[in-house]
Each structure stands twice: as C-alpha cells, then as structure tokens.
Amino acid sequence: MRLPSEAELLRVFIGESDKHHGRPLYQVIVEEARRHGLAGATVLHGALGFGGSSQIHTAKLLRLSEDLPIVIEIVDQPEHIAAFLPVLDGLIQEGLVTLEKVRVILYREDKTERTTPP
C-alpha cells in the first residue's frame with residue numbers, strides 16, 4: 001500500500017476498561033480498521049491521564065488503576081478516514097476522537113513477513 005505525502009491522523013482516546021460487547025474496545029477498533037482496509041493502527045498504553053470525569057488514572061505501583069488511558073492512532077488517506085468515522089461513532093460510547101493533517105515521510109511494508117488477513 002502506498003500513502004500520499006498528505007494524509008490524516010485519526011486519534012482515539014479511550015479507557016483501558018472500555019468494552020464493546022464484552023471485548024476490549026481498543027481491540028475492536030483495530031480489528032475494524034483492518035477490516036475496512038486502513039493502512040495501519042497502533043495502540044498506545046498511557047501511564048497517567050484524565051478525561052471528561054477529571055478522575056486521575058495512573059499506573060503507580062501503590063495505586064493500580066483498572067482504567068489506564070489508551071490512544072489508538074491511524075494514519076491514512078482523508079477519504080479512507082472519513083469512511084471509517086461512522087464505524088467509530090457506532091463503537092465509542094465515551095472518549096475523544098481527533099483528526100489532523102499529517103505529512104507522511106516514509107511508509108514501507110516488509111513483504112517478507114506478509115500474512116493474509118483472516
């Protein structure tokens with residue numbers, strides 16, 4: 001897959017404990033992004049954060065949180081991101097979604113390790 005130099009970055013901010021039909025929401029979002037043919041997705045696990053409730057969620061050893069911040073980043077062509085937004089809207093009950101223009105410098109695929117999607 002080739003990405004144009006001008007693309008969009010979709011960021012989804014949710015909690016680690018967020019679920020969709022009993023499954024981790026971050027996992028469902030990544031699987032749906034793959035199913036919809038997006039270029040790729042990365043899940044980042046936060047150590048500290050707060051959201052709309054203003055409750056601090058932290059990974060400190062003495063105070064283990066069960067709802068650490070999760071950020072999912074997806075970079076793709078604007079039309080692919082736009083087509084995915086209604087899917088995302090149907091999955092997320094609580095969280096933050098942002099979109100920004102980005103410039104892609106490099107995007108390479110290692111064809112030696114390619115696997116076929118299920």
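The values are calculated or read from the model by the stated rules, or taken from the named source; none is laboratory data. Because the structure is a prediction, the values reported are computed rather than measured. Don't worry about glycine lacking a Cβ; one is built from the backbone with ideal geometry, like all the others, and counts go over all protein chains shown.
Just a few scattered comments:
- Pick from segment 25-45, criterion farther than 22 Å from residue 78 by Cα and not hydrophobic (A, V, I, L, M, F, W, C), ranking: modelled with the highest pLDDT: 27
- Hey, residue 93 part of a loop (DSSP other than H, G, I, E, B) and either in contact with a His (Cβ under 8 Å, 6 or more places away or on another chain) or at pLDDT 85 or above (or both) or not: yes
- Long-range neighbours under 6 Å by Cβ, at least six apart or interchain, first residue more than 19 Å from residue 46 (Cβ to Cβ) and modelled with pLDDT under 95 within segment 1-24, second part of a loop (DSSP other than H, G, I, E, B) and of a type in the set (Phe, Trp, Tyr): 3/107
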